[in-house]
1. Please note which helices (runs of 4 or more DSSP H) are completely contained in segment 457-561 and include at least 1 residues that are of a type in the set (Val, Ile, Thr) and surrounded by fewer than 21 Cβ atoms within 10 Å (Cβ to Cβ).
2. Just to check your reading of the model, which residue among Gln171, Gln156 is surrounded by 24 or more Cβ atoms within 10 Å (Cβ to Cβ), at pLDDT 95 or above and assigned by TED's automatic domain parsing to the domain that holds Pro292?
3. Among Leu488, Leu494, Leu483, which is the only one that is within 26 Å of Ala583 (Cα to Cα) and either among the aromatic types (Phe, Trp, Tyr) or in contact with a Lys or Arg (Cβ under 6 Å, 6 or more places away or on another chain) (or both)?
4. Restricting to segment 382-428, name every residue that is of a type in the set (S, T, N, Q) and assigned to a helix (DSSP H, G or I).
5. Please pick out the residue among Ile217, Ile177, Ile248 that is closer than 22 Å to Arg276 by Cβ and of a type in the set (A, V, I, L, M, F, W, C).
6. List the residue pairs whose Cβ atoms are under 6 Å apart, where the first residue sits in segment 632-649 and is within 16 Å of His201 (Cα to Cα), the second is of a type outside the set (D, E, K, R) and modelled with pLDDT under 95, and the two are 6 or more positions apart or on different chains.
Amino acid sequence: MDRRQFLKWGSFLTVTVATGGLSACGGGGDNPEPDTGNPENFNFVHGVASGDPRPDSVIVWTRVEGSNGKRPVVVRLQVSTQQDFAPPTLLVNQPLMALPDWDYTIRNKVTGLSPGTRYYYRFLLGDRPSTTGRTRTAAAAGTPLSELRFAFVSCQDWNANHWAGMEELVQQDLDFIVHVGDYIYEAVPGGSRAGNVEDRHTALQLPNGTALSDGSIYATTLDDYRYLYRSYRTDARLQALHAAFPMIAIWDDHEFSDNCWQDRQTYTITDDQTPRTARRRAASQAWFEFMPADVTLDLNNPSFQNIQIYRSFTFGNLATLLMTDERLYRADHVIPETSVGRSIGSLYFVPQATLAAAEAQKIAAAGNVLTPVSMLGDNQRAWWQDRIGADATTWKLWGNQLSLLRMQVDVIQAVARLIARALVLANSALSSLETAIANALADDLRAAKAAGTYVNLAFTALRNVLSQVGIDSASFDATIKPLIESRLPAIALLDRFILNADQWDGFNAERKNLMAFLKTNGIRNVVALSGDIHAFFGGQVMDDYDAATPAPVMVDLVTAGLSSNTLLSSFRTVVDSDPAFAALRELIYSDVGGTLVNTFDATLRAFNPWMRHVDTNAEGYALVTLTSQKLSCTFHTMKPLAGGSAPAQPATASTRLLEVAAGTADVTVT
């Protein structure tokens, strides 16, 4: 068998039929077994993995490392129904080729398997075995299924916090794991390295890379991205997780570039004006090489869209799972960073009315199509609608990287409430008027916003309220007005803001389109499994968040980062370091006797009534048990680092149970 033939098979995915005994590589059995490539010079150092379980197939993966002059190396795959791989149960005993062209990774699709069955697999270099992995196929479509158990995870930064959650997950009895993105982080050491990180994760050094202004280095070449996956896979906890369960994975932004879209990076405000096609293709190839996903990559296609990773799965009669790609096809952010000069006002803390107007303008200019304001892209959106409406399963699960929940803050009302609270604390006689004070001050601040300045702000509404308790104009000017003015934010902040326009809030028209499709077609029991934002959320996705009476259509469950900095810490950095946002500090946190108190959760709940659970200061993972009657999701919050070490097991500090009853679009929290 010549090397070109192996390259042909290796360009995509080798396929092995589980018929028992020695079968031919790729289905062609007339050629002799090739030169073994000195397997004695190679070792298994990155573990094994499986993924994309279907009723009759699963993908298995490994990588070998060594040196033989960059020749291919033969690695034997064995698959069995028993852990001892005894001959009667040995279904696959197959030589495969690990090619230097693909970084000596092996991705093999084992077909001919039985539905809903556990299998064991391993690889051999000569007579030296790898770790034994276990995997499980999906139940056949339509098969009555009483229960499905899985975890969903996101954001496992090598450079932040710890990976003790992986050790806990290995102890669970799961059918599979859903990974909704940020499997690697492309920048090292990155700004996150300045925070806490376990000492067993040493600093990474990219072979090439490009420097950023904060001193970090981001992956740029194929060698860089391969280095990151190799480094992450050296951790025994991640290896054990992959060996224990099949994984169904999708990427988010950090597998390529923070807050990316298509082949554009966004490290600076002008970055995304230049295509980074080679970098995007390198990132995609490395993901393809290291993730056990049933997808293909076409290196002969010069486009950055030379890979398709959105795909669907069915588990008996119980669940359909759609995994979407929300980076490769998305349009630019509705408000480009160049138009406002920085990411605040474009990606983060964006005025809601400005965002809506810009989106409407883009849609109108395109002839009333969603293409220029789409996260999924036209083809993937049509695929999503076709698939989610086609299967007759009880539940429709959506592996969705970015939260669908509206996350907004009305700064006028929020600041008015903060100042009203401060006035009451300063004068207890005002306690019965706290709500009236807040509402009156909000009216006055709206007048200031309309005028565009605080100059000559008379506080007419507030003076009228305070006059009820004998505070005259002179007293107001002497005591009340200075306190208020010391707490006022910049006039530009008097608005209703979307916190994060990189997620679905920044693609509102398409979100409404998808929700309308579900509502019109009566598609129920749809639950998104989301990540990215480094916080736990659970809540209702509305047909139109801006309607006078929005109606719930589906549910979004958002897992915190498995190992990341928290959403609270990110916003705390903004209000502590940017003077323009200092007046909003109490909306994020307060300092009570030297103790940091999270006020961000309450702020979000106050302005987003569809949210049933908010925890912005957590790392962890989500466990799901699915039956025909309900979906039960337990958020596991991890204990913090202890002196540079991951916490001892069990690493969970607390749990919170969220349930979605079949037939409802709501979340019950216990």
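1. Correct list: 460-466, 508-520.
2. Of the residues listed, the single one that is surrounded by 24 or more Cβ atoms within 10 Å (Cβ to Cβ), at pLDDT 95 or above and assigned by TED's automatic domain parsing to the domain that holds Pro292 is Gln156.
3. So the residue among Leu488, Leu494, Leu483 that is within 26 Å of Ala583 (Cα to Cα) and either among the aromatic types (Phe, Trp, Tyr) or in contact with a Lys or Arg (Cβ under 6 Å, 6 or more places away or on another chain) (or both) is Leu494.
4. Within segment 382-428, Gln385, Gln413, Ser428 meet the criteria.
5. Ile217
6. Leu641/Asn196
Here's the yes/no breakdown for (1) buried (at least 18 other Cβ atoms within 10 Å of the Cβ); (2) modelled with pLDDT under 95:
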position: Gly341; (1), (2): no, yes
position: Ser346; (1), (2): yes, yes
position: Ala357; (1), (2): no, no
position: Gln361; (1), (2): no, no
position: Ala382; (1), (2): no, no
position: Ala390; (1), (2): no, yes
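Conditions (1) closer than 19 Å to Gly181 by Cβ; (2) of a type in the set (A, V, I, L, M, F, W, C), marked per residue:
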| position | (1), (2) |
| --- | --- |
| Ala203 | no, yes |
| Thr221 | no, no |
| Ser231 | yes, no |
| Ala240 | no, yes |
| Ala244 | no, yes |
| Ser257 | yes, no |
| Gln262 | yes, no |
| Thr270 | no, no |
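The values are calculated or read from the model by the stated rules, or taken from the named source; none is laboratory data. Quick caveat: nothing in here was measured; it's all calculated off a predicted structure. So basically every Cβ, Gly included, is an ideal-geometry build from the backbone, and we count neighbours across all protein chains shown.
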